[in-house]
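This report concerns only the one structure given below.
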Amino acid sequence: MIKVSCLGPAGSYSELAAKELCPDCERLLCRNFHETIESLVNGASDYAVLPIENSIQGGVVVNLDLVSQYSVFAIKETVLQIDHRLAMLRGVKREDITQVYSHEQAIGQCGTFLREHLPGAKCRYADSTAESLSLLDAHTAGIVGAHVRAEGVVLSEENIANEKCNYTRFMLLERRGDLPAHSTKVYFSAVTGHVPGTLAELLQIFARNNVNLTRIESRPLRGKFGQYSFFIELNGNVADPKLIDVLRAARDYCEHFRLIGAYD
């Protein structure tokens, strides 16, 4: 059976995204994002699902690094609304909580609630939101998705995130192969020369050709302090000869250029 790797355990947002992106695939639940992508590269899975961007905290930086480091290609995306709930064992009172477990991103997205309602509780990072369920006891709470159901666990009635309008973009990845026959978006990384005006000139290549850039973010280059790789998404069909020419011009201008995905 075709397998898709994603961050586990069962009930994680990544598993929810995998169900939507690859509904007929067997899900291989991984301990962390590195294991998720390595399962794909090593052939243990046929696809992998990674969160790439959150509407509150921006790019998921560890995964931006992973998709640029490994020979993988994004072929599909989905966006999930994130609804964080405080999880406690039935009968436990909020005033007894001394520790809160969840994924680093979730804890960051719920900082206001934690400061106001659990000021004395220490925040501990788990590999995923769903993993915090296994850590619950009489003095421990977790932050999980509203979709999670577990025996003996009670979720808060309210969404505890700082921002209720909270979305995460997930990408479906495969091992690098042929380009798709069609796309409405293209995603690439680029490294320009480290002199004034080089990034502006790269962006002008797209502006002069009326190509709409929808997202741009940066990550530091390893071993080159003060220099950056730029991750850029644009609207366009990867099979369009005109867009192909524009991408070639961008590639020829850059010191390093890599297509990361093409999808609808």
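The values are calculated or read from the model by the stated rules, or taken from the named source; none is laboratory data. Please read these numbers as outputs of a predicted model, since none were measured by experiment. Here the Cβ positions follow ideal geometry from the backbone for every residue, glycine too, while neighbour counts run over all protein chains shown. Protein only, heavy atoms only, side chains kept; ligands, DNA and RNA dropped before computing areas. Shrake-Rupley method; radii C 1.70, N 1.55, O 1.52, S 1.80 Å.
Quick one: with all protein chains in place, what share of the accessible area of the chain is carbon or sulfur, to the nearest percent (1.4 Å probe)? Display every interim value, and only then the final one.
Working: 6350 of 12890 Å².
Ligands and nucleic acids excluded, carbon and sulfur give 49 percent.
Taking every pair of Cα atoms in the range 66-126, average 1/r, invert it to obtain the Kirkwood radius, and report Rg/Rh to two decimals.
Values: Rg = 16.4 Å, Rh = 14.3 Å.
Checking Rg against Rh, the ratio lands at 1.15.
For residue 217 and residue 139, calculate 0.36 nm times their separation in residues minus their Cα-Cα distance, and state this gained length in nm to one decimal. Provide the component values of the computation, followed by the final result.
Values: separation 78, 0.36 × 78 = 28.08 nm, distance 3.95 nm.
The residue 217-residue 139 span can extend by a further 24.1 nm.
Given R₀ = 30 Å, FRET efficiency for residue 31-residue 205 by Cβ-Cβ distance, to 0.05? Intermediate values should be presented prior to the final figure.
Numbers: r = 41 Å, r/R0 = 1.37.
According to the calculation, E is roughly 0.15.
Out of the DSSP beta bridges found with both residues in the chain, what percent are antiparallel (nearest 5)? Before the final figure, lay out the partial values.
On the way: 45 of 61 bridges.
Restricted to the chain, the bridges split so that about 75 percent are antiparallel.
For the chain, what's the relative contact order in percent, using C-alpha pairs closer than 8 Å and at least 6 residues apart? Spell out each step's value before the answer.
Values: 584 pairs, mean separation 59.0, N = 264.
Contact order relative to length: 22 percent.
If one takes the longest principal axis of the Cα atoms in the chain, at what angle in degrees, from 0 to 90 and to the nearest 10, does the Cα axis of helix 241-253 lie?
90
Express the accessible area of the chain per residue in Å², computed with a 1.4 Å probe while the remaining protein chains stay in the model.
Numbers: 12890 Å² over 264 residues.
Ligands and nucleic acids excluded, the figure is 49 Å² per residue.
How about the range 55-144: which trypsin sites (Lys or Arg not before Pro) there are in a DSSP loop, with at most 14 other Cβ atoms within 10 Å of their Cβ?
90, 93
Taking the dipole about the Cα centre of the range 131-264, with the C-beta of Lys and Arg at +1 and of Asp and Glu at -1, give me whichever of 153, 212, 190 is farthest to the positive side.
So the residue furthest toward the plus end is 190.
Give the span of the range 1-116's Cα atoms along each principal axis, as three whole-Å numbers ordered largest to smallest.
Taking the Cα atoms of the range 1-116, the three principal extents are 47, 28, 22 Å.
Taking loop as defined by DSSP and a crowding limit of 10 other beta carbons within 10 Å, which trypsin sites (Lys or Arg not before Pro) in the range 214-259 fit? Don't skip to the answer; put the middle values down first.
On the way: sites: 215, 222, 224, 242, 248, 251, 258; in loops: 222, 224.
Answer by residue number: 222.
Cut-off 14 Å, label point 7 angstrom out along Cα-to-Cβ of residue 62: give me the residues of the range 31-51 whose amide nitrogen falls inside.
Counting only backbone N, you get 31-38, 50-51.
Tell me, in nm to one decimal, what length is gained between residue 20 and residue 2 on full extension, where the rule is 0.36 nm per residue of separation less the Cα-Cα distance? Show your work: numbers first, answer last.
Numbers: separation 18, 0.36 × 18 = 6.48 nm, distance 1.48 nm.
The span from residue 20 to residue 2 would gain 5.0 nm if fully extended.
Report the calculated FRET efficiency for residue 124 and residue 94 (r = Cβ-Cβ distance, R0 = 25 Å), to the nearest 0.05.
Numbers: r = 17 Å, r/R0 = 0.68.
So, using R0 = 25 Å, E works out to roughly 0.90.
With r as the distance between the Cβ atoms of residue 178 and residue 10 and R0 = 25 Å, compute the FRET efficiency 1/(1 + (r/R0)^6) and round to 0.05. Could you put the intermediate results ahead of the total?
Details: r = 33 Å, r/R0 = 1.33.
Once rounded, the FRET efficiency stands at 0.15.
Between Rg and the Kirkwood Rh of the chain, both from Cα atoms, what is the Rg to Rh ratio?
Numbers: Rg = 20.3 Å, Rh = 19.8 Å.
Over the Cα atoms of the chain, Rg/Rh equals 1.03.
If amide hydrogens are placed 1.01 Å from N in the peptide plane, which non-local residues have theirs closer than 5 Å to the one on residue 56?
Under 5 Å from the amide H of residue 56: 167.
What dipole magnitude, in Debye to the nearest 20, does the chain give about its Cα centre under +1 on Lys/Arg Cβ and -1 on Asp/Glu Cβ? Walk me through the numbers on the way to the answer.
On the way: 27 positive and 32 negative charges, 75 e Å.
Charge dipole, the chain, about its Cα centre: 360 debye, nearest 20.
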